[in-house]
1. Which condition number in (1) modelled with pLDDT of 95 or more; (2) within 21 Å of MET98 (Cα to Cα); (3) crowded, with 19+ Cβ neighbours inside 10 Å is the one that ILE127 fails?
2. State which residue is surrounded by the fewest Cβ atoms within 10 Å (Cβ to Cβ) when the search covers only segment 4-30 and only residues that are small (Gly, Ala, Ser) and within 19 Å of ARG70 (Cβ to Cβ).
3. Pick from VAL149, VAL129: which is touching a residue at least 40 places away in the same chain (Cβ under 8 Å), in a helix (DSSP H, G or I) and on the phi < 0 side of the Ramachandran plot?
4. Output the residues belonging to segment 96-110 that are among the aliphatic types (A, V, I, L, M) and assigned to a helix (DSSP H, G or I).
5. Among the residues of segment 78-100, is there at least one that is within 17 Å of HIS26 (Cβ to Cβ), β-branched (Val, Ile, Thr) and modelled with pLDDT of 90 or more?
6. Given the conditions (1) at pLDDT 90 or above; (2) buried (at least 18 other Cβ atoms within 10 Å of the Cβ), and given that ASN33 satisfies all but one, which numbered condition is not satisfied?
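The values are calculated or read from the model by the stated rules, or taken from the named source; none is laboratory data. Keep in mind the model is a prediction, meaning the values are calculated, not measured. Cβ: placed from backbone, ideal geometry, glycine included. Neighbour counts: every protein chain shown. Accessible surface areas use protein heavy atoms only, side chains included; no ligands, DNA or RNA. Shrake-Rupley method; radii C 1.70, N 1.55, O 1.52, S 1.80 Å.
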Amino acid sequence: WFAEGIAICRRANVQHNVCPRLLGSHAQALSINGDLAGAASEATEAVAMQRALTGADSPQVAATLGFLARIQVRQGHYAEALRTTDEILAVQERTGGMAKDALFARFQRALALFGLGRNDEALALAIEVADAHKTSTPNDRSTLFSMLVLKARCLSRAGRHDEARAAAAEALAIESTATGVTAETSAGL
């Protein structure tokens, strides 16, 4: 469906915010299916398309940059993901964008920091985003699961094993409602 929507946008030269969102959503689907190069290309195109529509300083640009940051983290391009999340957060601060987008950008930032071995920074951010997510979006169990997994991994890396076990147990308690949980992630907890 995303590909069909993108084709309509291109064929009819539609100049509307829905087009970069479709492209970004399709990029996420490609990423989940393992086409990280295609996903990165489409996410980059979505950002450029959104900037052309709304300028560089809009909440919509921050949202499309969010697609790109998630893919950069999945690719292991952590330094790039940090730059992208910095841009998201700066745009969010200037424009007063959606708090949920800023929270998810901070989560992607924590994942990138963890990937770069900057565990103390990642841990502080992982704790912050997991706690904030519990209060701001309690029904989004899948994202909370991912946040708790990161928190457990950071705590374990810091040698705080009892706290890591508690975070892992909290994540496992919601595993049945989390979508996209791999057997590897579950076993790792």
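1. (3)
2. The qualifying residue surrounded by the fewest Cβ atoms within 10 Å (Cβ to Cβ) is ALA29.
3. Checking each option against the conditions leaves just VAL149.
4. The answer is ALA99, ALA102, LEU103, ALA105, ALA110.
5. So far as segment 78-100 goes, no, none of its residues is within 17 Å of HIS26 (Cβ to Cβ), β-branched (Val, Ile, Thr) and modelled with pLDDT of 90 or more.
6. Every condition holds for ASN33 apart from (2).
Conditions (1) touching a Gly at 6+ places or on another chain (Cβ under 9 Å); (2) part of a helix (DSSP H, G or I); (3) open to solvent by less than 50 Å² (accessible area, probe 1.4 Å), marked per residue:
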{"site": "LEU89", "(1), (2), (3)": "no, yes, yes"}
{"site": "ARG94", "(1), (2), (3)": "no, yes, no"}
{"site": "ALA112", "(1), (2), (3)": "no, yes, yes"}
{"site": "ASP120", "(1), (2), (3)": "no, yes, no"}
{"site": "SER142", "(1), (2), (3)": "yes, yes, yes"}
